Amino acid sequence: MKRLTVEVCIGTPCYLMGARELIDDMSELQNKYEDKIKFKTLHCIEERCEKAPIVKIDGEIYEEMTPDKLREIILKRI
Ligand code: FES
């Protein structure tokens, strides 16, 4: 089965704007749905830092992400 790829930007602006919280929150989901989610980090997506934190889900870019929003999107897609 294809896993959902979730990539959190950990460039400095994204990190300062909450990427750390996203990663912490994701680790719980990651443990629970290990076979369904592939979790990665990346550095600066196409200069979108203004809308930090940025997350890419299966290649689709989401801006100003929050832990609640991310959780909701992931649970809908797995
Ligand atoms: S640091 Fe995340 S998009 Fe630039």
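All conditions but one from (1) surrounded by fewer than 14 Cβ atoms within 10 Å (Cβ to Cβ); (2) within 14 Å of the ligand (Cβ to nearest atom); (3) modelled with pLDDT of 95 or more apply to Lys69; the one that does not is (2).
Residue-wise test of (1) on the phi > 0 side of the Ramachandran plot; (2) surrounded by fewer than 15 Cβ atoms within 10 Å (Cβ to Cβ); (3) at pLDDT below 95.
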{"residue": "Cys9", "(1), (2), (3)": "no, no, no"}
{"residue": "Leu16", "(1), (2), (3)": "no, yes, no"}
{"residue": "Gln30", "(1), (2), (3)": "no, no, yes"}
{"residue": "Glu34", "(1), (2), (3)": "no, yes, yes"}
{"residue": "Thr41", "(1), (2), (3)": "no, no, no"}
{"residue": "Ile54", "(1), (2), (3)": "no, no, no"}
{"residue": "Lys76", "(1), (2), (3)": "no, yes, no"}
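Looking only at residues of the range 38-66 that are among the β-branched types (Val, Ile, Thr) and under 12 Å from Ala19 (Cα atoms), we find that the one that is nearest to the ligand (Cβ to nearest atom) is Ile54.
The values are calculated or read from the model by the stated rules, or taken from the named source; none is laboratory data. Every value quoted in this text rests on a predicted model; they were computed, and no experiment measured them. When we count neighbours, we look across all protein chains shown, and the Cβ atoms used for this are built from the backbone with ideal geometry, even at glycine.
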